[in-house]
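Only the coordinates and a few stated rules stand behind these numbers; no lab work does. Treat the numbers as computed from the prediction; the structure is a model and nothing was measured. Cβ: placed from backbone, ideal geometry, glycine included. Neighbour counts: every protein chain shown.
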Amino acid sequence: MSWGQLLPAMIWVAIGSAIAAGAYNLGLGALNRPGPGLFPFVIGVSMTLLSLSVTATAFRVAKAPASATEAKRALPVVAVVAALIFYTLALERIGFVLCTLLFLIGLLGVLGRNSWLVAITASAGITVGSYLIFAKLLKINLPIGPLGF
Amino acid sequence: MDTLGHLLHGFSVTLQPHNLLYCFLGVFGGTLVGVLPGLGPQSAIVLLLPVAVYLEPVSAIIMLAGVYYGSMYGGSTTSILVNIPGEGASVVTCIDGHQMALQGRAGPALGIAAFGSFIAGTFGLLLLTLAGGPIADFALRFGPPEYFALMCLALVILINLSGTSLRKGLISALAGLFLGTIGLDLVTGQPRFALGLSVLYDGIGLIPVIMGLYGVAEVLINVEQGLARTVAPGRIRNILPTRDDWRRSAGPITRGTLLGSLLGTLPGAGVVLASFLSYTLERRVAKNPERFGHGAIEGVAGPESANNAAAQCGFIPLLSLGIPANVATALLLGAFVILGVQPSPTLINTHPDLFWGTVASMYVGNVMLLVLNLPLIGLWVQILRIPYSMLFPGVLLFGLIGVYIVNTSIAEVWIMIMFGLIGYVMKKTDYEFAPMVLAMVIAPIFENAFRQSLILSGGSFSIFVTQPLAAFLVACAAIALVLQLIPQIRQITGTLEK
C-alpha cells in the first residue's frame, strides 16, 4: 500500500463527490434541456470514479521508501509561502515601496543567503525599478502606505 | 492573390511604430525569460500577461505571440550552454547540443539552432498564412457536436503527452473543466460554486490561477531542490556554422520543419512531441548513428527546427478554429478572451486586423530573433550567470504585482497563492497541471458545445457518433485513449503473471 498515492487519490474522491453534490443541487435539468448543474455533475461523477480507481491501485503498489531529507527540504517552501502571505497582508497597509523592500530583503538575505550588502542593494534596486515601471511608465496606482509612498 | 493582399494589410498593421515596439519587446522579453533557468514559454507568457491586458488587443497579442516564440529560442540557449532545458521541447537539444558545447563548439550549435528555428518558423508561418483562411472556412460548417469532439481530442492528446498516467491526467483535466464552470452560468445567470464570494461571481480569474501554477508553484519546486547552481558557461566563439555543419544540417532542418508543421497543427500534440520525434528520426536515418549523444549537429538542427515549426503551426488551430494546440496557445486563448476577443472561425473576417496583424508580426518577429540572437549571445550568457537565489524573489514579486494590478484585487492575490500551493502539491503527487490549465481555458466553449449538442439532438448522446465529422473526431480521441492504455494493459497482465 502506498500512502503517497492513496492520500491524494482520496482527496480527489472527496473533491469529485463535493462537485457532484453541489452540481446536483444546482439542478440537472433534463437531457434535452440541460440545466446549470448537468455539466459539472458529469465532471464530478467522472472525477469520483477515476480517483476511486486510482485509490484501488494505490492499495496494490509497493510503498515508496521515505526520504530522510524531505522535512529539511520543506523549510524553504514554507518560508516562501510565509513571505507571499506577508506581502498579501501588508501590501495595502504599509504601501508598495516598503512592503516590496521588506519582502525582497527577507527572501534575498535570509532564504537566498546572499550577503546583506548584496541583498539590501539588490532589493532597493528592484524596488525602485519596479516602482518606476509600474507607477511611472504604465501609470498604475500602486498602494500607498501611511508614510506617503 | 487575396491572401497576399490580406497579408500586406497585416504588415501595414505590424509596421506601425508602436506595434513594432511591442513585437520587439515581446521577442526580447520572451528570449530573456526563456534563457532564465527554470522559466519556460508558459511562465514567460504568464508573467507578461498582466502587462499585456493594459494594451489594445492587436498590440497585446503581437507582444504575447512574440513572447511565446521568443522563449522557444531562449530555451535552446540554456540547453546547449548549461544543459538545463528551459522547457520540454528543448530536452532533446541538451543531448547533443551540450556535448557540442563541451567540445568547444557551442557557437555552431547555437548558430544552427537559430538558423534552423528561423527557417522552420518561417515555413510554419507560410503554412499559417496559406491554410489559416481555408481551415477557418471549412470550420464554419462545424456545429456544437464537432466542436465538442474536437476539444475532447485535443484534451486526450495533451493528457497522453503530459507524462503522467492516463487516469491522473484525466483527473487533472476534469479539475480544470470544473474550475471553468465557477461563476455565473451563461444560460440561466445562476451563480455556480461561487461560495458567496464576490470575487468568484465572474468566474475564477485565469491570471491568478496560472500565475499561481507557473509562477509560484514552479518557484516552490525549485527552491525545494536547492538554490545552488554550479554551471557557468565559457566564452562563445565562431557563432556561424561551417560549410560542413550546413551540409550535415540541411536534411535534419528540412525533415524537422515538415514533421513539426504536421504535429504542430494537430490539436494537443504540440512542440515537445515534435522535437522528440525529430531526434528519433534523425538518429534512424543517420549513416553513423553512434555519433548521436556525442555532439552530432544533426541532433540539434532537427529538433530545434521541429519545435519552432510546431510552435508556429500551433497558431493554425488557435486562430482559425479557436482551439488551443498546447498549453502555451491555451494561455494565448485565455489572453484573447481577457482582451474581449473570442477566437473562432469567424475571427479572420470579424477581426482582420488582429488575425493578419498577428500573422505579419510573426514574420517580423522571426527576423528580429535571428538578428538579435546571434550578436546578443554574449548578453544571454551573462544572464545565465544570475544565480537562482537572486532570481526567484523577482519572479514572485512580478507575480504578486502582476495579479494585483489586473483588477486591483487582493482577493485574486490570495487565489494565486492558493493555486501556487495546489500546483506544488499536484507536482509532488504526480498530477501534472498542464491538462488542468488547458481544460480550464476551453471549459466555457466545451460546456456550451455539450449543452447545445444535447439540445440539438433532443437529449441523445448519439449525436456525437451519428454526425460523420464528429464521429471521426470521437474515433480519433478513442484511438488516442486506447493507445495510451496499452502499456497499462501490459503492466496489469505483467503483475498477473507474477
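In table form, for the structure just shown:
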read-out: Neighbourhood charge, 15 Å Cβ-Cβ cut-off, centred on B:ALA250 and excluding it, Lys, Arg +1 and Asp, Glu -1; value: 0
read-out: Acute angle (nearest 10 degrees) that the helix A:70-94 long axis makes with the longest principal axis of chain A, alpha-carbon atoms; value: 60 degrees
read-out: FRET efficiency, 1/(1 + (r/R0)^6) with R0 51 Å, evaluated for A:ALA30 and A:LEU89 via beta carbons; value: 0.60
read-out: Segment A:70-137: C-alpha pair distances exceeding 14 Å, %; value: 62 percent
read-out: Other-chain or far-sequence residues with amide H under 5 Å of A:ILE140's (modelled H); value: A:ALA135
read-out: Ranked B:TRP380, A:TRP3, criterion: other C-beta atoms within 10 Å, fewest first; value: A:TRP3, B:TRP380
read-out: Reference-scaled alpha-carbon Rg (2.2 N^0.38 Å with N residues) for chain A; value: 1.64
read-out: Estimated D of chain B in µm² per second, where Rh is the Kirkwood radius over Cα pairs and Stokes-Einstein applies at 37 °C, 0.692 mPa s; value: 143 µm²/s
read-out: Residue order, fewest to most surrounding Cβ atoms within 10 angstrom, among A:TRP116, B:TRP414; value: A:TRP116, B:TRP414
read-out: Cut-off under 5 Å, modelled amide H: who pairs with B:ARG192 long-range; value: B:GLY183, B:LEU184, B:ASP185
read-out: Folded to 0 to 90 degrees: helix B:41-52 orientation relative to chain B principal axis, Cα; value: 60 degrees
read-out: Net +/- balance of residues flanking B:GLU298 in space, Cβ distance below 9 Å, scoring K and R +1, D and E -1; value: +1
read-out: Per-residue Cβ neighbour rank within 10 angstrom, fewest leading, A:THR55, B:THR77, B:THR350; value: B:THR350, A:THR55, B:THR77
read-out: Separation between Cα centres of segment A:91-149 and segment B:127-160, rounded to whole Å; value: 46 Å
read-out: Relative contact order (percent, whole number), chain B, Cα cutoff 8 Å, 6+ residue spacing; value: 28 percent
read-out: Crossing angle, helix B:243-265 versus chain B [Cα axis fit, 0-90 degrees, rounded to tens]; value: 0 degrees
read-out: Nitroxide proxy distance, nm - points 7 Å out along Cα→Cβ at B:THR466 and B:ASP137; value: 3.1 nm
read-out: Cα pair count fraction exceeding 46 Å, expressed as % - the protein assembly as shown; value: 15 percent
